[in-house]
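The values are calculated or read from the model by the stated rules, or taken from the named source; none is laboratory data. Keep in mind that this is a model prediction, so the values were computed, not measured. Glycine gets a Cβ as well: all are built from the backbone with ideal geometry, and neighbour counts include every protein chain shown. Accessible surface is based on the protein model in full, side chains and every heavy atom, while ligands, DNA and RNA are left aside. Shrake-Rupley method; radii C 1.70, N 1.55, O 1.52, S 1.80 Å.
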Amino acid sequence: MMWIIGALCALIVAGAAYWKRSLTISGAICAFVMGTIYFGAGNLLWFGTLLVFFISSSALSKVKASRKAELEKSYAKTGNRDAGQVLANGGAGMLLCVMNAFWPHEGWVFAFIGVMAAVTADTWATELGSLSRKPPRSVLNGRVLPPGTSGGVSLLGSTAAAGGGALIGLFAWLFERLSGPATHSLALDLVLGIVGGLAGAFADSILGASVQIMYQCPVCGKEVEVMTHCGSPTRRMGGWRFMNNDAVNIVSSFIGGGAALAAALLLFP
């Protein structure tokens with residue numbers, strides 16, 4: 001029955017997201033399969049937390065979309081998510097959900113909160129940080145960067161990252177209480193969300209500034225993540241060939257999950 005309920009809920013959410021152009025057709029199919037597994041193998045805690053990430057991120061992508069449109073031309077991924085981006089953001093959490101189904105342990109939940117906080121924080125930092133009136137600075141050396149450059153951080157973006165992580169912690173705590181007997185305190189889940197969110201967001205920036213594959217537009221000279229810009233093919237200028245935006249998101253989400261798990265063990269033994 002849980003699998004049937006999960007499939008119906010996932011179908012409604014994925015269909016609505018496709019209709020609102022938050023997902024491509026491949027992204028909608030992937031989201032349907034993923035949502036079914038989250039609910040069937042898990043419960044409201046797992047599925048609901050995933051939903052909070054997706055709804056909040058999709059909503060923020062629409063905020064001042066016209067102002068961010070030019071910057072999005074430089075991004076490998078935009079608000080219209082495909083299957084690769086859906087897996088990059090939700091794949092690690094799905095793995096933890098399945099692991100918890102076979103070997104139940106609250107450690108999987110701690111890591112899950114960190115993983116979802118990381119992807120939420122990174123998305124919030126990108127969507128809101130791009131609206132900052134002050135230019136971002138390199139996370140590696142503090143040098144001022146053009147808006148939209150990988151590896152750039154700002155006070156607004158960092159604050160947004162912390163807020164996104166805290167939101168995941170809050171809803172994880174709430175969904176756990178709706179799912180059954182409470183085992184975590186609100187303080188614990190908030191700490192895990194903020195720690196995991198900030199760790200994942202800054203890991204994403206560090207990877208983006210160091211090893212993510214980047215290209216240069218031959219027309220405008222801008223450093224971009226895409227293989228075509230200004231109507232012309234771009235030239236590879238650095239980074240590892242396999243470390244694209246999706247790979248960076250996956251690695252960052254695992255780092256966020258590890259940071260949250262470590263925080264739980266150190267602060268709340």
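For region 256-269, how many residues are more than 21 Å from S150 (Cβ to Cβ), crowded, with 20+ Cβ neighbours inside 10 Å and not aliphatic (A, V, I, L, M)?
Within region 256-269, residues that are more than 21 Å from S150 (Cβ to Cβ), crowded, with 20+ Cβ neighbours inside 10 Å and not aliphatic (A, V, I, L, M) number 1.
Could you tell me whether any residue of region 183-190 is in contact with a Leu (Cβ under 6 Å, 6 or more places away or on another chain) and crowded, with 19+ Cβ neighbours inside 10 Å? Outline the logic, then answer.
Taking region 183-190 as the starting set, the residues that turn out to be in contact with a Leu (Cβ under 6 Å, 6 or more places away or on another chain) are none.
Scanning region 183-190 turns up no residue that is in contact with a Leu (Cβ under 6 Å, 6 or more places away or on another chain) and crowded, with 19+ Cβ neighbours inside 10 Å.
Among the residues that make up region 202-209, is at least one of them farther than 28 Å from V144 by Cβ, among the aromatic types (F, W, Y) and open to solvent by 30 Å² or more (accessible area, probe 1.4 Å)?
Within region 202-209, not a single residue is farther than 28 Å from V144 by Cβ, among the aromatic types (F, W, Y) and open to solvent by 30 Å² or more (accessible area, probe 1.4 Å).
For residues that are among the polar types (S, T, N, Q), in contact (Cβ under 8 Å) with a residue 12 or more places away in the chain, over 21 Å from L198 (Cα atoms) and not in a loop (DSSP other than H, G, I, E, B), tally how many sit in region 217-250.
Matching residues across region 217-250 total 1.
If you go through region 81-94 one residue at a time, do you hit one that is within 24 Å of G169 (Cβ to Cβ) and at pLDDT below 85?
The answer is yes; a qualifying residue exists.
Can you confirm whether S253 is on the phi < 0 side of the Ramachandran plot, polar (S, T, N, Q), touching a residue at least 12 places away in the same chain (Cβ under 8 Å) and open to solvent by less than 50 Å² (accessible area, probe 1.4 Å)? Please lay out each step first, then the result.
Details: on the phi < 0 side of the Ramachandran plot: yes; polar (S, T, N, Q): yes; touching a residue at least 12 places away in the same chain (Cβ under 8 Å): yes; open to solvent by less than 50 Å² (accessible area, probe 1.4 Å): yes.
Taking the combined requirement at face value, the residue satisfies it.
Within region 116-164, can you find the residues that are on the phi > 0 side of the Ramachandran plot and open to solvent by 20 Å² or more (accessible area, probe 1.4 Å)? I'd like the intermediate steps shown before the answer.
First pass over region 116-164, keeping only residues on the phi > 0 side of the Ramachandran plot: 142, 148, 151.
Residues satisfying the conditions are G142, G148.
For a quick check of your reading: which helices (runs of 4 or more DSSP H) sit entirely within region 106-216 and have at least 1 residues that are basic (K, R)? Full working, then the answer.
Working: elements: 106-129, 155-179, 186-210.
Counting at least 1 such residues, we get 155-179.
Can you find even one residue in region 32-54 that is part of a helix (DSSP H, G or I), farther than 30 Å from K222 by Cα, open to solvent by 50 Å² or more (accessible area, probe 1.4 Å) and modelled with pLDDT under 90?
No, region 32-54 contains no residue that is part of a helix (DSSP H, G or I), farther than 30 Å from K222 by Cα, open to solvent by 50 Å² or more (accessible area, probe 1.4 Å) and modelled with pLDDT under 90.
When the residues of region 12-31 are narrowed to those that are within 22 Å of F175 (Cβ to Cβ) and open to solvent by 30 Å² or more (accessible area, probe 1.4 Å), which ends up modelled with the highest pLDDT?
I12
Checking L167 against (1) farther than 17 Å from S252 by Cβ; (2) at pLDDT 90 or above; (3) among the hydrophobic types (A, V, I, L, M, F, W, C); (4) open to solvent by less than 30 Å² (accessible area, probe 1.4 Å), which single condition isn't satisfied?
Exception for L167: condition (4).
Given the criteria at pLDDT 80 or above and over 22 Å from F268 (Cβ atoms), does I213 qualify? Talk me through it step by step, then tell me what you get.
Numbers: at pLDDT 80 or above: yes; over 22 Å from F268 (Cβ atoms): yes.
Yes: the conditions hold for I213.
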